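The values are calculated or read from the model by the stated rules, or taken from the named source; none is laboratory data. Bear in mind the structure is a predicted one, so any value in this text is a computation, not a measurement. Every residue, glycine among them, receives a Cβ derived from its backbone with ideal geometry; neighbour counts consider all protein chains shown. We work out accessible area using only protein heavy atoms, side chains counted, and drop any ligands, DNA or RNA first. Shrake-Rupley method; radii C 1.70, N 1.55, O 1.52, S 1.80 Å.
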Amino acid sequence: MKALKRLGARRAAVLPLLAVAALVTPAAATAAPDAHDAVRASTLGAQAAQSGRYFGAAVAAGRLGDGVYTGILDREFNAVTPENEMKWDTTERSRGSFNFGPGDQIVNHAVAHGQRVRGHTLVWHSQLPGWVSSIQDANTLRSVMNNHITTVANHYKGRVYAWDVVNEAFADNGSGQHRPSVFQNLLGDGFIEQAFRTARSADPAAKLCYNDYSIEDWNSAKTQGVYRMVRDFKSRGVPIDCVGFQSHFGAGGPPGNFQTTLSNFAALGVDVQLTELDIAQAPAAAYTNTVRACMNVARCTGITVWGIRDSDSWRSGENPLLFDRNGNKKAAYRSALTALGGTPTTQRATATTTATATARKSAAPATRSAAALPSSFSWSSSGPLIAPKPDSTHDIAGIKDPTVVYYNGKYHVFASTARAAGYNLVYLNFSDWSQAGSATHHYLDRTAVGAGYRAAPQVFYNAPQRLWYLVYQTGNASYSTNPDISNPNGWSAPRNFYSSMPDIIRRNIGNGYWVDMWVICDSANCYLFSSDDNGHLYRSQTTVGQFPNGFTNTVIAAQDSKYNLFEASNVYKVQGTNQYLLIVEAVGSDGRRYFRSWTSGSLAGSWSPLAASESNPFARANKVSFPSGAWTKDVSHGEMIRAGYDQTLTIPNCRLQYLYQGLNPNASGDYNSLPWRLGLLTQTNSTC
Ligand code: XIL
């Protein structure tokens, strides 16, 4: 963020629009060790996310009013599958009359809680209304099926990550053939292909899955039948992206060759997922074996359990799930979490008082998926989620420069508060984005952080020191520490990283300002990046052991013209890859703020353009969809939602989310008094 008022007057000069920066790296690139230091998480979803996977649950719309149920759902799971609400007998009970109410309830809840949605299911012989099963004419059925797929997929476009396009089409009789159904009987074997092609045209961005049960044993005829179909589809270019293994197991758990089955399917070029997991009596070892089978296969991208508590299960007599009737974690829960790589904790209630996580070296499994970032990005934006909350002693015009971590079931946000007189810091937390607007604002000028110029915060947990750091600008690069992120009064008084502005900055800053300090560490070193509003990105370094002291060797990490490389840089590690991502805010030819991006194989290396131009930006308002109204033309200073919260600043490698500042395009006047608000971008072109 910029400290003073100059930018109120947007310059009219036309910038070189497509200039791809010639970024220089004065220092020789040093090979940064590939750090896979990961803090073990204490919930299923967060732990699964550390390897780029999801952990989901089947959800019933009718239970969303039950606080214990939603409490577990939103704490533990980052994906949902509507248990019945998207089935044909709900969505099109009579011909041409569609009902999306119950499905929407679940999808809206999921979107508000950052959970992805598996759509279940478009074509299935069961839970099919009588008017469909009694159709006797192939042409009628074909058009009814295509219309159903198109209408439902269209309705949920952009909100459903993967569809079970066809469910349970294979027979149990050892033939390896399709089962009889109205679709099979009238349309023949080709109905599955037809359904997938129709689904692809309706929602090209959704992953399209075939889903079935009793296909976990590699030696069964049914498994072989499905395998032949997928191989055939892939060889002929019929669109299929994934295979769902329902995984409804008896007390013995998965067959011994389950992992072989998953790998063999994955080798055909599809993702595999465990879509409806439940195990009679939920033996801990059976859950361990099941989760391990998925973790050992790179393209096993997620696991969904078929319900939350035993009492929610369709097999409730067999107590097959991870939580008991009272919502307590069962032994199976702890096995599942451990098999995901996490650490079970029984101390959730106390966990907010002290950060208990420890950093560990966890060698990445050789099979971990390593999807690199795409070379262009599309986004959908929320409306403004967080606005300033002036009170009698805080006269605030804008809230800006957010930093955010998700820790212990909550988003913790720190931001600048802006007014004509200058900047200060504010802290808020909330459990989901729908609560962001009502969270209490804690003003840090009331704490040891103190009043006066403090702006553009960055928060992270320094795992080796077991201490939270808040880095911010004060004219110098400053920081405060706190053992408990949720306690606004726990921050120490500011200290400076540098005794004074490094010489190289002094020589290059011109009429700019020294702003937007940013710290990121690999396993050996910590780096401090900063900007000068004059086209330079600086980088200093110290060792992880010496941090926060010893920052030295300041160099220009990247440079371009002033407005092409302005300020607000973020640097992240991309999860499961050897890539680092740099984004820097630029000022466009229309005077609007947007972001450019680069990648590098090491933090001290040179940065190669990724989406780095005004026409192919990382994030620019004219390339963002605003389903709830285009409230801003600027996508300005913000922070990515990270996969973890430690000093490695690891972000997911897909479905990125970026919390940013935007403002009413008609606002004008004093730069410090502009009405900035915070909104959330979600990437819509993920390939995961
Ligand atoms: C089940 C639901 O859990 C029940 O509530 C419903 O009565 C019947 O269907 N395979 C599937 C799921 O694909 O849709 C089924 O869900 C379980 C078996």
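How much length is gained on full extension from Ala421 to His442, taking 0.36 nm per residue of separation minus their Cα-Cα distance?
Working: separation 21, 0.36 × 21 = 7.56 nm, distance 1.92 nm.
Gain on stretching Ala421 to His442: 5.6 nm.
Quick one: if the Förster radius is 22 Å, what FRET efficiency do Asp391 and Ala667 give, using the C-beta to C-beta distance and rounding to 0.05? Walk me through the numbers before you get to the answer.
Details: r = 22 Å, r/R0 = 1.00.
Calculated transfer efficiency: 0.50.
Report the Cα centroid-to-centroid distance between the range 101-149 and the range 458-519 in angstrom, as an integer.
Using only Cα atoms, the two centres lie 52 Å from each other.
Of Lys389/Lys410; Lys207/Lys234; Lys157/Lys410; Lys157/Lys400; Lys329/Lys410; Lys157/Lys207, which pairs sit farther than 22 Å apart, going by alpha carbon to alpha carbon? Intermediate results must be reported in sequence, preceding the final value.
Numbers: Lys389/Lys410 20 Å; Lys207/Lys234 14 Å; Lys157/Lys410 28 Å; Lys157/Lys400 32 Å; Lys329/Lys410 20 Å; Lys157/Lys207 11 Å.
Going by Cα-Cα distance, Lys157/Lys410; Lys157/Lys400 fall outside the 22 Å limit.
Subtract the Cα-Cα distance of Asn489 and Asn328 from 0.36 nm times their separation in residues, and report this length gain in nm to one decimal.
Numbers: separation 161, 0.36 × 161 = 57.96 nm, distance 3.28 nm.
Once the chain is fully extended between Asn489 and Asn328, it gains 54.7 nm.
Compute the FRET efficiency between Thr140 and Asp432 as 1/(1 + (r/R0)^6), taking r as their Cβ-Cβ distance and R0 = 51 Å, and round to the nearest 0.05.
Values: r = 44 Å, r/R0 = 0.87.
So the FRET efficiency works out to roughly 0.70.
If you average the sequence gap of Cα pairs under 8 Å that are 6 or more apart and divide by the length of the range 535-624, what percent do you get for the contact order?
Values: 174 pairs, mean separation 17.2, N = 90.
Relative contact order here is 19 percent.
Give the value in nm², to one decimal: projected area of the alpha carbon convex hull of the chain, averaged over all directions.
29.5
Which of the listed residues, Gly452, Ala61, Phe183, is farthest toward the dipole's positive end in the chain, when Lys, Arg count +1 and Asp, Glu count -1 at the beta-carbon?
Of Gly452, Ala61, Phe183, it is Gly452.
Under 14 Å Cα to Cα from Lys222, which aspartates and glutamates show up? Leave out anything in the same chain fewer than 8 places away.
Glu168, Asp172, Asp212
Quick check on the range 388-447: of the DSSP beta bridges with both residues there, what percent are antiparallel, nearest 5%? Please report the intermediate quantities before stating the final value.
Numbers: 20 of 20 bridges.
Here the antiparallel bridges make up roughly 100 percent for the range 388-447.
So for the range 121-259, what are the equivalent ellipsoid semi-axes in whole Å, largest first, each being the square root of 5 times an eigenvalue of the Cα gyration tensor? Can you show the working numbers first?
Working: eigenvalues 122, 66, 41 Å².
Each semi-axis is √(5λ); the values are 25, 18, 14 Å.
What is the chain's relative contact order, in percent, from Cα pairs under 8 angstrom and six or more apart in sequence? Kindly include the intermediate steps, with their values, before the conclusion.
On the way: 1708 pairs, mean separation 106.4, N = 688.
Relative contact order of the chain: 15 percent.
For the range 549-589, what class follows from the C-alpha gyration tensor (a ≥ b ≥ c being the square roots of its eigenvalues): rounded when a/c is under 1.5, otherwise prolate if a/b is larger than b/c, else oblate?
Taking the square roots of the gyration eigenvalues as a ≥ b ≥ c, the range 549-589 is oblate.
With every protein chain left in place, what is the accessible area per residue of the range 431-577 in square angstrom, probe 1.4 Å?
Numbers: 4600 Å² over 147 residues.
Spelled out: the 1.4 Å probe surface of the range 431-577, per residue, equals 31 Å².
Count the DSSP beta bridges whose two residues both fall in the range 244-351, then state the antiparallel fraction as a percent rounded to the nearest 5. It would help to have the intermediate numbers written out before the result.
Details: 1 of 10 bridges.
Counting DSSP beta bridges with both partners in the range 244-351, the antiparallel share is about 10 percent.
Tell me what the chain gives for mean residue ellipticity at 222 nm when only DSSP H runs of n ≥ 4 count, each as -39,500 (n - 2.57), the sum divided by the residue total, rounded to 500 deg cm²/dmol.
Working: 13 runs with 125 residues, N = 688.
The helix contribution divided over the chain gives -5500 deg cm²/dmol.
Would you kindly state how much longer the chain becomes between Lys234 and Ser499 on full extension, computed as 0.36 nm times their sequence separation minus their alpha carbon distance, in nm to one decimal? Please report the intermediate quantities before stating the final value.
Values: separation 265, 0.36 × 265 = 95.40 nm, distance 6.16 nm.
Result: 89.2 nm gained on full extension.
In whole percent, and with a 1.4 Å probe on the protein chains, what portion of the accessible area of the chain is carbon and sulfur? List each step's numbers first, then the result.
Values: 11350 of 23280 Å².
It is 49 percent, rounded to a whole number.
Placing +1 at every Lys and Arg Cβ and -1 at every Asp and Glu Cβ, with all other atoms neutral, what dipole size does the range 500-643 have around its Cα centre, in debye to the nearest 20?
Values: 12 positive and 12 negative charges, 38 e Å.
The dipole of the range 500-643 has a size of about 180 debye.
Extending each Cα 7 Å along its Cβ direction at Asn173 and Asn553, get the distance between those two points in nm, one decimal.
It works out to 7.2 nm between the two label points.
Please list the non-local residues whose amide H lies under 5 Å from the amide H of Asn462, H modeled 1.01 Å from N, same-chain partners needing a gap of 5 or more.
Answer set, sorted by chain and number: Leu467, Trp468, Tyr469.
Could you go through the range 671-686 in sequence order and give the Karplus-derived ³J(HN,Hα) for each residue, using 6.51 cos²θ - 1.76 cosθ + 1.60 with θ = phi - 60°, rounded to whole Hz, and x for Gly and Pro?
Rounded to whole hertz, the list is 4, 6, 9, 6, x, 5, 10, 10, x, 10, 8, 10, 5, 10, 10, 5.
Magnitude of the Cβ-charge dipole of the chain, K/R +1 and D/E -1, about the Cα centre, nearest 20 debye? Each step should come with its number before you reach the end.
Values: 60 positive and 49 negative charges, 206 e Å.
With only Lys, Arg, Asp and Glu charged at Cβ, the dipole is about 980 debye.
Please report the antiparallel percentage of the DSSP beta bridges confined to the chain, to the nearest 5.
Here the antiparallel bridges make up roughly 70 percent for the chain.
Under 8 Å for C-alpha pairs, at least 6 residues apart: give me the relative contact order for the range 250-337, rounded to a whole percent.
30 percent.
For Ile386, what residues show an amide H to amide H distance below 5 Å, using hydrogens built from the backbone and excluding near sequence neighbours?
Leu678
For His637, His113, what's the largest-to-smallest order of accessible area, 1.4 Å probe?
Values: His637 15, His113 40 Å².
If we order His637, His113 from most to least accessible, we get His113, His637.
Just to confirm my numbers, what's the Cα centroid distance between the range 661-676 and the range 530-596 in Å?
So the separation of the two Cα centres works out to 24 Å.
Report ³J(HN,Hα) in whole Hz for each residue of the range 616-626, in order, from the Karplus equation J = 6.51 cos²θ - 1.76 cosθ + 1.60 where θ = phi - 60°; Gly and Pro get x.
10, x, 5, 8, 9, 4, 6, 10, 10, 8, 10
What is the Cα convex hull volume of the range 451-574 when expressed per residue in Å³?
On the way: hull volume 14.1 nm³, N = 124.
That works out to 114 Å³ per residue.
Once you mark the trypsin sites (Lys or Arg not before Pro) that are in a DSSP loop and have at most 15 other Cβ atoms within 10 Å, what is the longest gap between them in the chain? Kindly include the intermediate steps, with their values, before the conclusion.
Working: sites that count: Lys5, Arg10, Arg11, Arg93, Arg95, Lys157, Arg315, Arg325, Arg348, Arg466.
Of all site-free stretches, the longest is 467-688.
Return the FRET efficiency for the residue pair Thr150, Ser376: r is the Cβ-Cβ distance, R0 is 30 Å, and the value is rounded to the nearest 0.05. Mind showing how you got there, number by number?
Values: r = 27 Å, r/R0 = 0.90.
For Thr150 and Ser376, the calculated efficiency is 0.65.
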